[in-house]
Amino acid sequence: MAEQHGKTLVPQIRFAGFTDPWEQRKLGDILQERNVRTSDFESNPIFSLTIEDGITPKTDRYERTSLITKTEDLFKIVSPNEFVTNPMNLRFGAFGYNKNSLSVCVSGYYDVFSIDNDKCSGFWNSYFKTPVALKRFDDAATGSLIEKRRVKYSTLCQLIFLMPKGMGEKKQIGAFFDRLDSLITLHQRKYDKLCVLKKSMLDKMFPKGGSLYPEIRFAGFTDPWEQRKLGELFEESDERASDREILSVSVANGIYPASESDRETNPGASLANYKIVHFGDVVYNSMRMWQGAVDASRYDGIVSPAYVVARPNSEVYARFFARLLRQPMLLKQYQQVSQGNSKDTQVLKFDDFASIGISMPVSENEQRQIGGFFDRLDSLITLHQRKLELLRNIKKSMLDKMFV
């Protein structure tokens, strides 16, 4: 938002040394249109413009270079630090600038231009994505049909924006958001790599295809895994209570303390029949087990009677089974033995769960090492996910407070 100083708006947050009010300027005074066309896609690779990612390489799915045969299909060149807008979707955020060190090309339908002769691209890349700017574009869009309303380049040039008088403040704001975007990208990449690593290790550290030997094992373990029935390792628990923390189970989050919103979903429900869960118990949603709604609890509490609580015996290290029981081959078996006329009504009773055969390490120590490895990996994934959320929230807040 912004504060009112006399008749001039200034940002709520500014860098030290800048006190002058921002001035009104017509964008046409600082935009430089670019209309250089090409059919040389080797020197100028074809890029797309998306609302989510700005200027981005075309994926194989959308690669259409081989279909371009006519001279009128010439694409527009976008040099480093130049901007691109999609007139049809600018009001939704279809705006970006070329951060690459090489020139690319985009559809001739797009508008390509420079701002302030490329002296502060980061400032404008951030400014044009703020809610204030998007509303301005939406208000300026023209067209007889709502879905075909667009912001032409000639219209864009007529828009008036508030901006700092000098380049110094623009450059500092742009540099701030460039650094913030770099941090977001860094943590996004780390998060993505960890997720890929986890997926790969879940595939390689558990046997598949009838084998009793995982592809990857910790040093010192060479014995074949043994085949057991889940009923030999777990027994159904039916203890009831109403005075403990309420837990829930989901496909995405496993077992977690229920939030107030979760409890309000069924406010009239009695807790009298809720089932007791001890640390290490395996709990699953009987109607969503085949989707992966199962976990080994890290909490003491109670769960809905709709869930099944399976208490492990002394041979079981629960955190290992938290991963084993979500293996794709087991999810298929859950679905096969569940009872019901459709996916929406299928229920996996404990007796059917107990009949399923699994492979597990003979050594509990191997179970512990595997379970501990994935717990540490999950902690790293959660850490980067939280940092990502924090950085995105900071960016959202700063976009609101550093522009007018």
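Given the condition hydroxyl-bearing (S, T, Y), farther than 30 Å from R189 by Cα, assigned by TED's automatic domain parsing to the domain that holds V283 and under 32 Å from the mean Cα position of the chain (by Cα), answer yes or no: does some residue in the range 348-366 qualify? For the range 348-366, residues hydroxyl-bearing (S, T, Y), farther than 30 Å from R189 by Cα, assigned by TED's automatic domain parsing to the domain that holds V283 and under 32 Å from the mean Cα position of the chain (by Cα): absent. Could you tell me whether any residue of the range 69-78 is modelled with pLDDT under 90 and of a type in the set (A, V, I, L, M)? Yes: one or more hits. Screening the range 213-244 for residues that are hydrophobic (A, V, I, L, M, F, W, C) and part of a loop (DSSP other than H, G, I, E, B) and picking the one that is surrounded by the most Cβ atoms within 10 Å (Cβ to Cβ) gives W225. Among the conditions (1) out of contact with any Leu (no Cβ under 6 Å at 6 or more places or on another chain); (2) not assigned by TED's automatic domain parsing to the domain that holds I302, the only one that H187 does not satisfy is (1).
Between L247, L197, L186, the distinction of being surrounded by fewer than 17 Cβ atoms within 10 Å (Cβ to Cβ), at negative phi and in contact (Cβ under 8 Å) with a residue 40 or more places away in the chain belongs to L197 only.
Of the residues making up the range 131-146, just one is surrounded by fewer than 18 Cβ atoms within 10 Å (Cβ to Cβ) and under 19 Å from D178 (Cα atoms), namely P131.
The set of residues in the range 171-202 that are small (G, A, S) and under 30 Å from Q369 (Cβ atoms) contains only S200.
The values are calculated or read from the model by the stated rules, or taken from the named source; none is laboratory data. Note that this is a predicted model, so its numbers are computed, not measured. Note that we place each Cβ from the backbone using ideal geometry, even for glycine, and neighbour counts take in every protein chain shown.
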